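Since the structure comes first, as structure tokens, the remarks are kept for the end.
The values are calculated or read from the model by the stated rules, or taken from the named source; none is laboratory data. Quick caveat: nothing in here was measured; it's all calculated off a predicted structure. Reconstructed Cβ throughout: ideal geometry from the backbone, glycine too, with neighbour counts over all protein chains shown.
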Amino acid sequence: MLAARLRTALDLCALGESMRRAQLRREHPDATDEEIEAMLVAWLETRPGAEHGDGWGRVISWPPSRTQESSC
């Protein structure tokens, strides 16, 4: 059951990436595959609302410092 749910989540992630890639191709028809991939990676790393990742909570540096480890 868990494996099927994980597979579904990964499939949805791949679908979202392919949809964004298609959108980038429409917006930049003359871009090379490498340029599209670079734009996709840049979007994944800086998309609005997820600048620090998709997780909840406060932003910490990684790996955590000793003071952060002891405060958990």
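For this structure, a couple of remarks:
- Enumeration of residues in the stretch 11-62 that are among the polar types (S, T, N, Q) and assigned to a helix (DSSP H, G or I): 18, 23, 46
- For the stretch 15-47, a residue qualifies if it is exposed (fewer than 10 other Cβ atoms within 10 Å of the Cβ) and closer than 27 Å to residue 59 by Cα, and exactly one does: 46.
- Some residue of the stretch 48-56 being surrounded by 11 or more Cβ atoms within 10 Å (Cβ to Cβ) and either in contact with a His (Cβ under 8 Å, 6 or more places away or on another chain) or at pLDDT 75 or above (or both): no
- For beta carbons closer than 8 Å, sequence separation of 6+ or different chains, a first residue in the stretch 24-53 that is in contact (Cβ under 8 Å) with a residue 60 or more places away in the chain and a second that is assigned to a loop (DSSP other than H, G, I, E, B) and among the acidic types (Asp, Glu), there are no qualifying pairs.
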